[in-house]
Each structure stands twice: as C-alpha cells, then as structure tokens.
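Below is one structure, written out as structure tokens; the observations come after it.
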Amino acid sequence: MSFMDPNANLPPTGLKKILYVNWPLVLLIFAVSGFGFLMLYSVAGGSFTPWARPQMERFAIGIVIMFIVGFTPISFWRSITALTYGVGMLLLVFVLIAGDINKGAQRWIDLGFINLQPSEVMKIAVVMVLALYYDWLPPEKVSRPVWVFIPLVLILSPAAFVFFQPDLGTAILIILSGGVVMFLAGVSLWYFSAALSAVAAIVLAIFQSRGTGWQLLNDYQYRRIDTFLDPSLDPLGASYHITQASIALGSGGVSGRGFMQGTQSRLGFLPEKQTDFIFTTLAEEFGYVGTTLLLVMYVLIMVFCISSALNNRNRYAALLTGGIAATFFFFFAVNMAMVMGLVPVVGVPLPLVSYGGSAMLVLLGAFGLVQSAHIHRPQGVL
C-alpha cells in the first residue's frame, strides 16, 4: 500500500504558483534592466527624459505581462503556438506593404501607443512553433530529410521577410535560434555541416554579386562589411560608428571614468548611444568591472534558463525554454561583438538595456514563457 500523495507530481495551482516562480531569474532581470535605466539616464545628460522614463514604464508593463504569461499554464501557450506564428507572418507581410519607414528601413507598425516591430515577435514565435513541431514529431523521424525540410521552411520564411525590410541582423538571429532548437531536438549533425557549407557558399556569392545586377545586399550593408574589415577606410563616414565605439571602449579602462562622466556619449560623439551602442557607454563609464558584471548577469540568466529546460520532462516546455535561452544569448553576444568590432554592425539591441519598446516587451513576454514552463512542470521535478 502506497502512502504517496497522488497529487505530488501535478503542477501547482492557484496561489501556490508563486512558490514555484524562478525568483533568481526574476531578480537578475530586474538587475540587468536597472543597469539599462542608469545608462539611459546617463546618455540623456542626467535626465529621465527622453529615454529612461519611457523605458521604465515599458519595463513595468513588461513585468506584469511576464507574470501573467508565467502563471498561465504552458499547455495554453502550446495550444496557441500555431496561431501566434501565423499572426506573426501576417504582420511581417503587412509591414512590407504598409509599415512605417524610418532611416530607410520598413520594420514598424504604428499602434499609437507603441511602434510594434513584428520581427521581434517572430524571434520567439519561431522558437515556439519549432518546439511544438518537435514535441509532435516522433524522435525516430527527427533526422529524416522530409521532416527536416519542414522546420527549415518555418525558419527561413520569416527570416526572408525580415531580410527584405531590410534587417539582416534580426534575420540572422531568427535563423540561429531556429537552428539551436533543431539541434536540441536531436537533428543529425550532418545537416548542420551541410548548412555551414551553404553559408560559406552564400558569403562567397554575396561578395561576388557586389556591383552586379543581381547584388544580394544593399550598398550600406556592403559598406558595413568594408568598415568591419578595415575601419580606417572611412573614419568620418561609414567607419564612424565603430571608430567612436572603439574609443569609448578603450577609454573606460579597468574601473571606468565614472557614472555620467563618459565623454564620448556626453559630448555627442557616440551615435545610437541609447540603442545599439549603449554597451560602449557602459564600458566608458564603468570600465572592465562594469562590463564584466553585466556579462556575468547575462550568463546567470542563461544558466537558470538552461537548468530549467534540462529538468523539465515536458518536451515542448524544455525545447521552448532552451530556444529562448539561445535567442537571449545571440542578442547580447552579437551586440557586444558588434560594438567591439568582432562582427559587422548589424543593428541588434542589447537585451534589457538598449532603449526600445518592442524588444523589451517581447523579451519579457518570452521570459514569461520560461516561467510558465518552470512553474507548471511536475512538482517532483526540481
């Protein structure tokens, strides 16, 4: 006769869900966002406007969204995954037809209270739909060619729409995140070897197409590649961004110049100081110590997400959590590499730090999905 509680392995219900929240993850999100508020206050010259206050307001809304999403059973999010992906694709089509144009890019839908960037939504929607697909697909079929083709279509379709906005950085992130979910699902490494070979061929084609009638990238994107390879080519023009970023990064030293003492941002030398290049402001003001602290917090966020994924017996929830962790990693890794001159400038924001409404709300919603997967796992799984 067993004296075990028959409900011991059931997900928590009601107010008990509060006890199962991944609180270290929540605290880390608050800490990283706090860094962002400080930097936005600093780059505005010691003012909450025009960036810090709106960012704090969006963060407050995003935290509410995160907990609402987190307390909703993961089974519900699984049930609407296909709908989420479909709506995201429709929004991408709408953007190309009637989206708002800013600085030559057509990426936004003006909703009045916020400029929605559907590509941000698709970063998470692609992870969701792939998690659903591999949860449905029997493991023995995962590496069969016909069943590999389907997720490739699910990944490359939104990536193509985003690429033509044009937004090369986000398109690459969508492909990388989707590839990670396929890897986590157990797709054979031979396919990834073939993909790397295809990437090499595409890169060669990109360089070969320059100046021809079938040129694959815009002229400004080629200029970014040129300045990445040799920043001295046009230090006052195409290379200006990365040159000023390098000066800011180097001038911070070990401990930095001090809060609100960064000359590059305060004197207006650093472009896009509140968005893509905000990491350089952090490096200038807080130096190696500050940037290392931020990087450690980012890594800890990933550690808690990956730990949650590894200890979740729900395949959909585990793949979803792992995919979101990968998306988050690519966010900050690409941004940091970009401003340090390790990769071409592709316009990827620093997560939870850079100014931006869509990116902040979507990312907090994604962490809500991580919380939902964590909270609603069987109680017997730690």
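What the table shows:
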{"item": "Rg in Å to one decimal, and Dmax rounded to a whole Å, for region 139-282 via C-alpha atoms", "result": "20.1, 60"}
{"item": "Of VAL127, VAL370, VAL26, the one that fluctuates the most in a GNM where the chain has Cα springs shorter than 10 Å", "result": "VAL26"}
{"item": "Gain in span if fully extended, LEU83 to LEU295, counting 0.36 nm per residue against the direct Cα distance", "result": "72.8 nm"}
{"item": "Amide H contacts of GLN215 (H built 1.01 Å from N, under 5 Å, at least 5 apart or other chain)", "result": "none"}
{"item": "Kirkwood hydrodynamic radius over Cα pairs of region 287-327, then Stokes diffusion coefficient at 10 °C and 1.306 mPa s, in µm²/s", "result": "145 µm²/s"}
{"item": "Distance (nanometres) between label positions extended 7 Å along Cα→Cβ at VAL148 and SER75", "result": "3.5 nm"}
{"item": "Mean separation of Cα contacts under 8 Å, 6 or more apart, over the residue count of the chain: relative contact order %", "result": "30 percent"}
{"item": "Pairs of alpha carbons in the chain whose separation is greater than 34 Å (percent)", "result": "31 percent"}
{"item": "Value in Å of the Kirkwood radius, where region 75-151 supplies the Cα pairs that are averaged", "result": "14.2 Å"}
{"item": "Largest-first principal axis extents, alpha carbons of region 24-160, Å", "result": "58, 41, 22"}
{"item": "Point-to-point label distance, TYR220-LEU204, nm (Cα→Cβ direction, 7 Å offset)", "result": "3.1 nm"}
{"item": "Over the chain: helical MRE at 222 nm, DSSP H runs n ≥ 4 each giving -39500 (n - 2.57), nearest 500", "result": "-21500 deg cm²/dmol"}
{"item": "Ordering of 212-222, 239-249, 289-299 by burial proxy (mean other Cβ atoms within 10 Å per residue, highest first)", "result": "239-249, 289-299, 212-222"}
{"item": "Derived scalar couplings ³J(HN,Hα) [region 91-97; Karplus, 6.51 cos²θ - 1.76 cosθ + 1.60; whole Hz; x for Gly, Pro]", "result": "5, 5, 5, 4, 4, 5, 8"}
{"item": "Low-density loop positions, trypsin sites (Lys or Arg not before Pro), region 17-125 - DSSP coil, at most 16 other Cβ in 10 Å", "result": "LYS103"}
{"item": "Choice from GLY211, GLY70, GLY178 showing the highest fluctuation, given a GNM over the chain with Cα pairs closer than 10 Å", "result": "GLY211"}
{"item": "Calculated FRET efficiency for the pair SER47/LEU189, C-beta based, R₀ 56 Å, to 0.05", "result": "0.60"}
{"item": "FRET efficiency, 1/(1 + (r/R0)^6) with R0 56 Å, evaluated for LYS16 and THR212 via beta carbons", "result": "0.30"}
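No lab work stands behind these numbers, since they all come straight from the coordinates. What you see is a predicted model; the values in this text were computed from it and never measured. Note that each Cβ is placed from the backbone with ideal geometry, even for glycine, and that neighbours are counted across all protein chains shown.
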